[in-house]
Amino acid sequence: MSNWPASKARRVLAALERAGWQVKRQRGSHRLLIHPNHPDYEFAFHDQDEIGPKMLARIAKKTGLKLVDL
């Protein structure tokens, strides 16, 4: 079981941007995010989508996002 709560994609994207991620390019709902200390990450969610705990844990593993960042 994950400790992550479900959250809206717009809130997760805002947390990633506060953590230093930037949108390099966007095509539809697919955003390519870049960060100087991590490999590029494709964030492919609509703003109103609900992201579940399991997917949030996967995003955190790839991006370094922490629970306190949300």
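The values are calculated or read from the model by the stated rules, or taken from the named source; none is laboratory data. Just so you know, these numbers come straight off a predicted model, no measurement behind them. In this analysis, Cβ positions are derived from the backbone assuming ideal geometry, glycine residues included, and neighbour counts consider all displayed protein chains. Heavy atoms of the whole protein, side chains included, go into the accessibility calculation; ligands, DNA and RNA do not. Shrake-Rupley method; radii C 1.70, N 1.55, O 1.52, S 1.80 Å.
Observations on the structure shown:
- Full extension of the chain segment joining residue 18 with residue 35 gains 5.0 nm, where the gain is 0.36 nm per residue of separation less the Cα-Cα distance.
- Applying the criteria of a DSSP loop state and at most 15 other Cβ atoms within 10 Å to the trypsin sites (Lys or Arg not before Pro) of the stretch 20-68 yields 66.
- Both radii were evaluated on the Cα set of the chain; the Rg over Rh quotient, with Rh as the Kirkwood radius, amounts to 0.93.
- The stretch between residue 66 and residue 42 holds 6.9 nm of extra length on full extension. This uses 0.36 nm per residue minus the Cα-Cα distance.
- With the simple spin-label model, which puts each label point 7 Å out from Cα in the Cβ direction, the residue 49 to residue 25 separation comes to 2.0 nm.
- Cα centroid separation - the stretch 36-66 against the stretch 1-34, whole Å: 6 Å
- Relative contact order (%) - criterion: Cα under 8 Å, at least six apart; region: the chain: 41 percent
- Using a probe of 1.4 angstrom and keeping all protein chains present, the accessible surface of the chain works out to 68 square angstrom per residue.
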